[in-house]
Amino acid sequence: MGIFDFLKGENNEEDTLPKEKFIELSTGLDDFEDPSWAQVESALKDVDESEDSFATLSFNHYGLAIDAIQCAMVDGEYVFEALPAQESEEFGKIYHRDDLTYEEVLERFKLFYEEQKVKDYHTFEEDSFNS
């Protein structure tokens with residue numbers, strides 16, 4: 001039993017799982033519940049600076065340090081942002097990396113899509129919703 005299992009107490013795991021679908025892809029044009037990886041990949045390819053488009057992938061359940069990531073394009077390069085979960089003490093912060101390639105953004109989205117993790121986000125530049 002891990003520490004997180006101990007902290008859950010006697011609750012039935014089914015009681016803590018969200019009742020609704022928990023992953024969403026937003027592109028500014030459309031929203032997709034439980035998107036396939038192909039839909040996420042397509043959304044990333046469609047991010048275009050001239051159209052002010054973006055791609056956001058979010059997990060809507062408790063327990064994640066980061067529950068949403070997003071990317072946009074600025075000056076021909078991708079900007080990647082990781083947004084801490086509302087339940088976390090870091091809520092309101094924005095961790096971002098600028099000047100990324102499509103391949104780098106794709107790799108970060110794939111990790112988040114498969115494992116609900118963002119690698120090394122504490123090393124990113126930090127801003128705040130309140131700044």
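Residues in segment 120-125 carry Karplus couplings, in order, of 6, 5, 5, 8, 6, 5 Hz; the curve used is 6.51 cos²θ - 1.76 cosθ + 1.60 with θ = phi - 60°, and Gly or Pro positions show x. Remark: segment 90-98, residue by residue, has Karplus-estimated 3J(HN,Hα) of 8, 3, x, 8, 10, 9, 9, 10, 9 Hz, where x stands for each Gly or Pro and the curve is 6.51 cos²θ - 1.76 cosθ + 1.60 at θ = phi - 60°.
Highest mean packing comes first when the peptides 115-122, 69-76, 81-88 are listed by Cβ atoms within 10 Å, giving 81-88, 69-76, 115-122.
Just so you know, all these numbers are worked out from the coordinates, no wet-lab data involved. Worth saying up front: this structure is predicted, and the values here are computed from it rather than measured. Positions of Cβ are backbone-derived with ideal geometry, glycine not excepted, and every protein chain shown enters the neighbour counts.
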